[in-house]
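The values are calculated or read from the model by the stated rules, or taken from the named source; none is laboratory data. Predicted model only: the values in this text are computed from it and were never measured. Here Cβ is always computed from backbone atoms with ideal geometry, including for glycine, and neighbour counts include all displayed protein chains.
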Amino acid sequence: MSGSSIAVDINKFRDGIRQPQDDSVAVEEPLEVRLGYTTADGRATRSIAITMRTPGHDRELAAGFVFTEGIVGRADDITSIEVCGSPAPDTGNQNVIRIDLGADVSVDLGRLQRHFYTTSSCGVCGKASLDALRVGGARVFAAAGPVFKRAVLTAVPAALRGAQPTFEETGGLHAAAAFNAAGDLLVTMEDVGRHNAVDKVIGSLLLNNNLPAPELGLIVSGRASFELMQKTLMAGMPLLAAVSAPSSLAVQLAREFNLTLVGFLRGETFNIYAGEQRISE
């Protein structure tokens, strides 16, 4: 078993017969993200998020979260990321992580305009609308940029599935990956939440000083929501591909900011909802 899954005893019914056996399930535990930053009165610490996640790559998850929420703009804004807290009794995982920012980093938590509570199913609740991105200075992508061949796009889902070891054990995790125009998966992450998997990918790129990423696409194993489009935009990635459907607000965001949005990417078929100039035959 990996640290992302645990063994459980189950009863499996097959052809009307009950068979006791072992099974694997994905681990889901809360992660509290604490932020250390400088105020006019000195250093302060605040809990800014609780997310239900699959343990593993927590540093990348936390870094991706503070980046995609606009709290930091570059890796140098972060001075340290430390896992802390008492180990969970069942798994031994530490479920608190603290991110300390440099003394010169200005923090305006009020601009986030929502409560910092996340779940594995819906992401950050109370997400502000497209207006928050416009006010936050998100930029429209230029028409020029990388071109992704149709054959590359249709091959990426299989490559993503092959890079999901915990999914193979449990069948219970989402995945996200950053890929280039040649179809190479550069960063792949798994999590019970789509938004967490994406934050882990973006956090990895951030901590390796690879953001913005105007030459990379992002693929997700589920649907394309507004929040995932927002994270793609913040990371400077011009393409989001999903194996399932997009939401209406995801399509609106993609068209307004000139991102390429691909949905229902399965086998040799897919739909282009925006930015078709980046897809070639």
Say whether the condition of being touching a strand residue (DSSP E or B) at 6+ places or on another chain (Cβ under 9 Å), within 29 Å of Ser47 (Cβ to Cβ) and at pLDDT below 60 is met by at least one residue in the stretch 156-168.
no
Has the stretch 35-56 got any residue that is surrounded by 15 or more Cβ atoms within 10 Å (Cβ to Cβ), assigned to a strand (DSSP E or B), at pLDDT 95 or above and of a type in the set (A, V, I, L, M)?
yes
Restricting the stretch 248-281 to residues that are among the polar types (S, T, N, Q) and touching a strand residue (DSSP E or B) at 6+ places or on another chain (Cβ under 7 Å), the residue that is surrounded by the most Cβ atoms within 10 Å (Cβ to Cβ):
Thr260
Members of the stretch 7-17 found to be of a type in the set (D, E, K, R) and either in the same structural domain as Thr91 (by TED's automatic domain parsing) or loosely packed, with under 10 Cβ neighbours inside 10 Å (or both), listed by number:
Asp9, Arg14, Asp15
I'd like the full set of residues that are buried (at least 24 other Cβ atoms within 10 Å of the Cβ) and under 12 Å from the mean Cα position of the chain (by Cα), limited to the stretch 215-224.
Leu218, Ile219, Val220, Ala224
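What number of residues within the stretch 9-34 satisfy the criterion of being touching a residue at least 24 places away in the same chain (Cβ under 8 Å) and not in a strand (DSSP E or B)?
Step one: list which residues in the stretch 9-34 are touching a residue at least 24 places away in the same chain (Cβ under 8 Å), which gives 24-34.
Now restrict to residues that are not in a strand (DSSP E or B): 27-28.
Of the residues in that region, 2 qualify.
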Failed item, numbered, when Gly236 is tested on (1) crowded, with 20+ Cβ neighbours inside 10 Å; (2) at positive phi
(1)
Out of (1) within 29 Å of Asp77 (Cβ to Cβ); (2) crowded, with 19+ Cβ neighbours inside 10 Å; (3) more than 12 Å from the chain's Cα centre (by Cα), what's the single condition that is false for Gln230?
(3)
Residue tally, condition modelled with pLDDT under 90 and either among the aliphatic types (A, V, I, L, M) or on the phi > 0 side of the Ramachandran plot (or both), over the stretch 11-34:
5
Could you please tell me which pairs satisfy a Cβ distance under 9 Å, a separation of 6+ or placement on different chains, a first residue in the stretch 261-277 that is among the charged types (D, E, K, R), and a second residue that is part of a loop (DSSP other than H, G, I, E, B)?
Arg266/Val243; Arg266/Ser244
Considering the stretch 57-71, residues that are in contact with a Gly (Cβ under 9 Å, 6 or more places away or on another chain) and not in a helix (DSSP H, G or I), and then whichever is modelled with the lowest pLDDT, we arrive at Gly70
